[in-house]
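The structure appears right after this line, and notes come after that.
The values are calculated or read from the model by the stated rules, or taken from the named source; none is laboratory data. Predicted model, so just to flag it, every value in this text is computed and none were measured. Ideal geometry is used to build each Cβ from the backbone, glycine not excepted, and the neighbour counts take in all protein chains shown.
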Amino acid sequence: MMDIFDALDLSAYGMYAQRVRMNIIASNLANYEAYKNDGTPFQRLVPLFQAVENPEDSSEVYVVVKEIREIPGFKLIYDPDNPNADEKGYVRLPDIEPVKEMIDMIAAVRSYEANLKAFTLTKEIFERTFEAWK
């Protein structure tokens, strides 16, 4: 049986996961044309989420960030004047698509907002129930 605090925890876990997702997307956008110290292009990061069952109540499933993974790959563009160009004139750029990242950001914000709304409604139900008991 889910109590009021479990419902709040469920929303809080969801908000945390989406906040991590938004931070990773912001990092990807900030490093759209960045290189690591060794001269290799920045690798796109993605969060991997995992559903975790509450050991006390199997009907409750929380989401947690399992890991943050680098996605290997890069884009090649021909730019012989670029200082990072190889001997053939090609430059390796991070394989980050800003439009895709922005779409992912919108989805993460919407998910965060949904969890926040659920948290707020649960809190309001708790407050009204508590007031009724007075």
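Quick notes on this structure:
- The one condition from (1) within 20 Å of the chain's Cα centre (by Cα); (2) at pLDDT below 90; (3) outside any strand (DSSP E or B) that Tyr62 does not meet is (3).
- Scanning region 86-134 for residues that are hydroxyl-bearing (Ser, Thr, Tyr) and over 22 Å from the mean Cα position of the chain (by Cα) gives Tyr90, Thr122, Thr129.
- Pairs are defined by a Cβ separation below 9 Å, a sequence spacing of at least 6 or placement on different chains, a first member in region 72-93 that is among the acidic types (Asp, Glu), and a second member that is surrounded by 15 or more Cβ atoms within 10 Å (Cβ to Cβ) and in a loop (DSSP other than H, G, I, E, B); the pairs so defined are Asp79/Ala85.
- One residue stands out among those in region 96-110 that are in contact (Cβ under 8 Å) with a residue 24 or more places away in the chain, assigned to a helix (DSSP H, G or I) and aliphatic (A, V, I, L, M): the one that is farthest from Ser11 (Cα to Cα), which is Met102.
- Restricting Ile4, Ile96 to those that are surrounded by fewer than 15 Cβ atoms within 10 Å (Cβ to Cβ) and of a type outside the set (Lys, Arg) reduces the list to Ile4.
- Pairs with Cβ under 8 Å, 6+ apart, first in region 111-123 and more than 11 Å from Asp9 (Cα to Cα) and at pLDDT 95 or above, second among the charged types (D, E, K, R) and surrounded by fewer than 15 Cβ atoms within 10 Å (Cβ to Cβ): Tyr112/Arg19
This table checks each residue for (1) under 18 Å from Lys117 (Cα atoms); (2) at pLDDT 95 or above; (3) in contact with a strand residue (DSSP E or B) (Cβ under 8 Å, 6 or more places away or on another chain); (4) not in a helix (DSSP H, G or I).
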{"residue": "Met1", "(1), (2), (3), (4)": "no, no, yes, yes"}
{"residue": "Asp6", "(1), (2), (3), (4)": "yes, no, yes, no"}
{"residue": "Met15", "(1), (2), (3), (4)": "yes, yes, no, no"}
{"residue": "Gln18", "(1), (2), (3), (4)": "yes, yes, no, no"}
{"residue": "Ile25", "(1), (2), (3), (4)": "no, yes, no, no"}
{"residue": "Asn28", "(1), (2), (3), (4)": "no, yes, yes, no"}
{"residue": "Tyr32", "(1), (2), (3), (4)": "no, no, yes, yes"}
{"residue": "Asp38", "(1), (2), (3), (4)": "no, no, no, yes"}
{"residue": "Leu45", "(1), (2), (3), (4)": "no, yes, yes, yes"}
